[in-house]
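Here it is, the structure, as structure tokens.
The values are calculated or read from the model by the stated rules, or taken from the named source; none is laboratory data. Bear in mind the structure is a predicted one, so any value in this text is a computation, not a measurement. All Cβ positions, glycine included, derive from the backbone under ideal geometry; neighbour counts span all protein chains shown.
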Amino acid sequence: MKGINTFILKWIAIISMLIDHIGAVLFPQYEWMRIVGRLAFPIFAYLLVEGFVYTSDVKKYMIRLGIFAIVSEIPFDLAFFGTVFEAAHQNVFFTLFMGILMLYLILKTPSRFRQVITIIAAFLVSDYLCMDYGSWGLLMILGFYELRDRKILKLMAVAIVNIFFMGYSQVYAAFAMIPIAFHNGKLGPKMKMFFYAFYPVHLMILYLIHLVI
């Protein structure tokens, strides 16, 4: 099947995130590195929805995201704030965890009114706890989920969120719709735990490099 599989799509997100974080921690004067990094979150949001739809055990999926959210918090705070704990900003795994919890509760709730209340509650909690990307990140996840069977519309909707509602540099996140559009639904090689572990490990390495230089 033509296109790119999930494995390649994950690598695109990982590499763009790594460039972004290298720029943020080590070379903040290079804005282009942060711009490249804007590709990462929309891809992660899309892959989260794909995982939610096709996983055989969504509860294990949620638990795994929750564990890595907790494990990643100290490396995240050290890398970006130079302290073991910083309450002003939480790492992206918390956003992904909140996103899949929101989708799970929506799926289990037949009432549309209750679904809306669940979405609003998730948005408020993510903003109150200062999760990475906050309610706008959850809106991207929700867009990918609710419009998952309408390929062009979901890509346009998420692109619009980034272009018009999330600030200057996030405009470039719209380019993430290109590799997402070429996703062929195939998994490719499985390196599940590597992709999870990469996040806290690379943040800790960047922090240690920052200390040295």
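Could you check the stretch 186-213 and list, in sequence order, the residues that are within 26 Å of A69 (Cα to Cα) and either touching a strand residue (DSSP E or B) at 6+ places or on another chain (Cβ under 8 Å) or not in a helix (DSSP H, G or I) (or both)?
Those that are within 26 Å of A69 (Cα to Cα) and either touching a strand residue (DSSP E or B) at 6+ places or on another chain (Cβ under 8 Å) or not in a helix (DSSP H, G or I) (or both): L187, G188, P189, K190, M191.
Are there any pairs with C-beta distances below 8 angstrom linking a residue in the stretch 38-64 that is in contact (Cβ under 8 Å) with a residue 24 or more places away in the chain and under 14 Å from R148 (Cβ atoms) to a residue that is assigned to a helix (DSSP H, G or I) and among the basic types (K, R), with the two at least 6 apart or on different chains, and if so which?
L47/K10
Shifting gears a bit: State whether one or more residues within the stretch 40-49 are more than 28 Å from P179 (Cα to Cα) and not acidic (D, E).
Within the stretch 40-49, not a single residue is more than 28 Å from P179 (Cα to Cα) and not acidic (D, E).
Taking the stretch 124-164 as the region of interest, how many residues are surrounded by 13 or more Cβ atoms within 10 Å (Cβ to Cβ), out of contact with any strand residue (DSSP E or B) (no Cβ under 8 Å at 6 or more places or on another chain) and not in a helix (DSSP H, G or I)?
Counting residues in the stretch 124-164 that are surrounded by 13 or more Cβ atoms within 10 Å (Cβ to Cβ), out of contact with any strand residue (DSSP E or B) (no Cβ under 8 Å at 6 or more places or on another chain) and not in a helix (DSSP H, G or I) gives 3.
Name the residue, out of T83, T118, that is part of a helix (DSSP H, G or I) and more than 14 Å from the chain's Cα centre (by Cα).
That would be T118, the only listed residue that is part of a helix (DSSP H, G or I) and more than 14 Å from the chain's Cα centre (by Cα).
Take the stretch 55-80 and flag every residue that is surrounded by fewer than 17 Cβ atoms within 10 Å (Cβ to Cβ), among the hydroxyl-bearing types (S, T, Y) and outside any loop (DSSP other than H, G, I, E, B).
The answer is none; no residue qualifies.
Still on this structure: Among T109, T118, which is the only one that is polar (S, T, N, Q), more than 25 Å from I14 (Cα to Cα), modelled with pLDDT under 95 and touching a helix residue (DSSP H, G or I) at 6+ places or on another chain (Cβ under 9 Å)?
After ruling out the rest, the residue left standing is T109.
Got a sec? Which of I117, I106, I100 is in contact with a Leu (Cβ under 7 Å, 6 or more places away or on another chain) and either among the β-branched types (V, I, T) or within 25 Å of F198 (Cα to Cα) (or both)?
After ruling out the rest, the residue left standing is I100.
Please work out which residue is nearest to I35 (Cα to Cα), limiting yourself to the stretch 3-18 and to residues that are touching a helix residue (DSSP H, G or I) at 6+ places or on another chain (Cβ under 8 Å) and polar (S, T, N, Q).
For the stretch 3-18, the residue satisfying everything is S16.
Further, regarding this structure: Do we have R34 as more than 21 Å from I178 (Cβ to Cβ), out of contact with any strand residue (DSSP E or B) (no Cβ under 8 Å at 6 or more places or on another chain), touching a residue at least 40 places away in the same chain (Cβ under 8 Å) and charged (D, E, K, R) here?
The answer is no for R34.
Output the number of residues of the stretch 76-93 satisfying the condition of being in contact with a Ser or Thr (Cβ under 8 Å, 6 or more places away or on another chain) and either more than 11 Å from A45 (Cα to Cα) or at pLDDT below 95 (or both).
Of the residues in that region, 2 qualify.
Looking at (1) at positive phi; (2) without any contact (Cβ under 8 Å) to a residue 24 or more places away in the chain; (3) not basic (K, R), can you tell me which one G188 breaks?
(2)
Could you look through the stretch 165-174, keep only residues that are in contact with a helix residue (DSSP H, G or I) (Cβ under 9 Å, 6 or more places away or on another chain) and surrounded by fewer than 17 Cβ atoms within 10 Å (Cβ to Cβ), and pick out the one that is farthest from I117 (Cα to Cα)?
That would be S169.
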